[in-house]
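Everything on this sheet refers to the single structure shown next.
The values are calculated or read from the model by the stated rules, or taken from the named source; none is laboratory data. Here the structure is a predicted model, which means the values were calculated and not measured. FYI the Cβ positions are ideal-geometry reconstructions off the backbone, even for glycines, and counts take in every protein chain you see. With ligands, DNA and RNA removed, areas are computed over all heavy atoms of the protein, side chains included. Shrake-Rupley method; radii C 1.70, N 1.55, O 1.52, S 1.80 Å.
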Number of protein chains: 2
Amino acid sequence: MNNRRSSPATAGKHPAPAASPWKASHERQRDREVKRDAVIRAAAREFNRKGYHNTSLDDIAARLEVTKPTVYYYVTSKEQLLFQCFVAGVERIRAAFRDVRRLERPARERLNAVLRRYGEAVASEFGWCMVRAEEQDLSPAMSRHIKALKSEIDHGIRRLIREGVQDGSIHPCDPKMTAFALAGALNWIAHWYREDQSLSGAQIAEAFVTVFEAGLRPRANAAQLATPRAPPRRRARRALGALAR
Amino acid sequence: MNNRRSSPATAGKHPAPAASPWKASHERQRDREVKRDAVIRAAAREFNRKGYHNTSLDDIAARLEVTKPTVYYYVTSKEQLLFQCFVAGVERIRAAFRDVRRLERPARERLNAVLRRYGEAVASEFGWCMVRAEEQDLSPAMSRHIKALKSEIDHGIRRLIREGVQDGSIHPCDPKMTAFALAGALNWIAHWYREDQSLSGAQIAEAFVTVFEAGLRPRANAAQLATPRAPPRRRARRALGALAR
């Protein structure tokens, strides 16, 4: 990510890599992160496959071909592992919120960008943990933490909906019910999606955003709207009828 | 329901109620159905509240203030009870499909009618069992039955979507992904809805159908479409821009 060794621009300014204990430490840190990430992913896959209660740390260690103490080097308990799986998935959605904050675009477009990343996160290996972690028997502190993160996401979606209604990019609606409908459809992906399906997570997220965008109604033909005096085709006339209803 | 005793039109044609053993049997049958229904509802509420595995037939009997053998008179096992709760909820959706079959309306309207009843069913006491029964440890035969009923509902929704695309009442879309998005949003109601909330199941279903209908985009103003040469207002101009995108 930020490995200066390979950067010619800084090569002359720093001692050779082998002589730098700081770089070695940095590498060790990175190595640890990569391995910790592998433990969390392996756990997510096992929880998906067998459920949280039916999965042991031994199963996860076996999956990684390491010993249980090795797994314990990265996490303190199975509970913490579930929590980390939840966080890993939800963090992708939080990152999406951060990214769109910088965009100077109508709120509906920013919301769609978040919903796409939300859908991809739920279709990832972390999906099961994201939508089911709260129901497991976790410590009260961990449950509170999970609830708080879910609430943050929910309120982030509602806020973008409200902003969209204000900037005119979203039709006036009940932000809470609309957020529940959108997030519910996306959360449910974890109940049916398997990685071996023909569509990728990104493709599913895109299909869902298309439904959320304009709904089931036939769209008024764009060309038709631009040149309203041209005789409307049958489909377009129907669409206009539907909009007037 | 079909109690002839109270009908003046048939009063003279039949012997007095007390003399009719058939009517007494009919009443007994009805009484049995009412009580069986009460057992299923009580079970649904307990499963909702404590989860399937944490609920015993004793809990359900206690809730009804009867003995466990009384509960066994109506169902043979807790497993069968969960299955009956699932069926009771899903039957409401199946009834909606049967009802709309008779309507000579565009498919989108028929679909909306089904989705409203679907939402109400998931917000009912049977919601938890409807969306979670499949995950419990049920017999293979029962699991197959549940999967088959879910598949029937899913394919019913897809069929109405395809019909809507054909009759022009639904914008061309992927019927499978669209059905998953709609049903997922509705299924998720069981994860958050509690009967003590301010909105009724019917109100939530209506709010969701509104989102599914036309999505997030601002609607082109109907009057604006009817008189396209009038100078568009700011909001309407934005809406047209969005449609043209």
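Here the stretch A:113-160 is the region considered, the condition is being more than 18 Å from the chain's Cα centre (by Cα) and of a type outside the set (Ser, Thr, Tyr), and the residue that is nearest to A:Ala183 (Cα to Cα) is A:Glu135.
Considering each of B:Arg105, B:Arg94, B:Arg49, B:Arg110 in turn, give the residue that is within 14 Å of another protein chain (Cβ to nearest Cβ) and under 16 Å from the mean Cα position of the chain (by Cα). Let's see the steps before the verdict.
On the way: B:Arg105 fails: under 16 Å from the mean Cα position of the chain (by Cα); B:Arg94 fails: within 14 Å of another protein chain (Cβ to nearest Cβ); B:Arg49 fails: under 16 Å from the mean Cα position of the chain (by Cα).
Among B:Arg105, B:Arg94, B:Arg49, B:Arg110, only B:Arg110 is within 14 Å of another protein chain (Cβ to nearest Cβ) and under 16 Å from the mean Cα position of the chain (by Cα).
Screening A:Ser139 on (1) polar (S, T, N, Q); (2) surrounded by 15 or more Cβ atoms within 10 Å (Cβ to Cβ); (3) in contact (Cβ under 8 Å) with a residue 12 or more places away in the chain; (4) away from chain B (no Cβ under 14 Å) shows it passes everything except condition (2). Remark: pairs (first residue in the stretch A:26-42, among the small types (Gly, Ala, Ser); second residue surrounded by 15 or more Cβ atoms within 10 Å (Cβ to Cβ); Cβ separation under 6 Å; 6+ apart in sequence or on different chains) = A:Ala42/A:Ile60; A:Ala42/A:Arg63; A:Ala42/A:Leu64.
Filtering the stretch B:174-183 to residues that are open to solvent by less than 50 Å² (accessible area, probe 1.4 Å) and within 7 Å of another protein chain (Cβ to nearest Cβ) leaves B:Met177, B:Thr178, B:Phe180, B:Ala181.
Scan A:Ala181, A:Ala148, A:Ala141 and give me the residue that is closer than 24 Å to B:Val122 by Cβ and in a helix (DSSP H, G or I). Before the answer, list the steps.
On the way: A:Ala148 fails: closer than 24 Å to B:Val122 by Cβ; A:Ala141 fails: closer than 24 Å to B:Val122 by Cβ.
Sole residue among the options that is closer than 24 Å to B:Val122 by Cβ and in a helix (DSSP H, G or I): A:Ala181.
Please enumerate the residues belonging to the stretch A:98-136 that are part of a helix (DSSP H, G or I), among the aliphatic types (A, V, I, L, M) and either touching a Phe, Trp or Tyr at 6+ places or on another chain (Cβ under 9 Å) or buried (at least 21 other Cβ atoms within 10 Å of the Cβ) (or both). Answer for the stretch A:98-136, where residues must be part of a helix (DSSP H, G or I), among the aliphatic types (A, V, I, L, M) and either touching a Phe, Trp or Tyr at 6+ places or on another chain (Cβ under 9 Å) or buried (at least 21 other Cβ atoms within 10 Å of the Cβ) (or both): A:Ala107, A:Leu111, A:Val114, A:Leu115, A:Ala121, A:Val122, A:Met130, A:Val131, A:Ala133. Close Cβ contacts (under 7 Å, 6 or more residues apart or on different chains) running from residues in the stretch A:65-84 that are in a helix (DSSP H, G or I) to residues that are hydroxyl-bearing (Ser, Thr, Tyr) comprise A:Glu79/A:Ser139; A:Leu82/A:Tyr52.
Flag: B:Thr55 matches the condition of being outside any helix (DSSP H, G or I) and open to solvent by less than 60 Å² (accessible area, probe 1.4 Å). Within the stretch A:149-173, the set of residues being more than 7 Å from chain B (Cβ to nearest Cβ), open to solvent by less than 10 Å² (accessible area, probe 1.4 Å) and either without any contact (Cβ under 8 Å) to a residue 40 or more places away in the chain or at positive phi (or both) is empty. Summed over the stretch A:192-211, the residues that are in a helix (DSSP H, G or I) and without any contact (Cβ under 8 Å) to a residue 40 or more places away in the chain give a count of 5. Hey, among the residues in the stretch A:184-199 that are surrounded by fewer than 19 Cβ atoms within 10 Å (Cβ to Cβ) and facing chain B (nearest Cβ under 8 Å), which one's farthest from B:Phe208 (Cα to Cα)? For the stretch A:184-199, the residue satisfying everything is A:Leu199.
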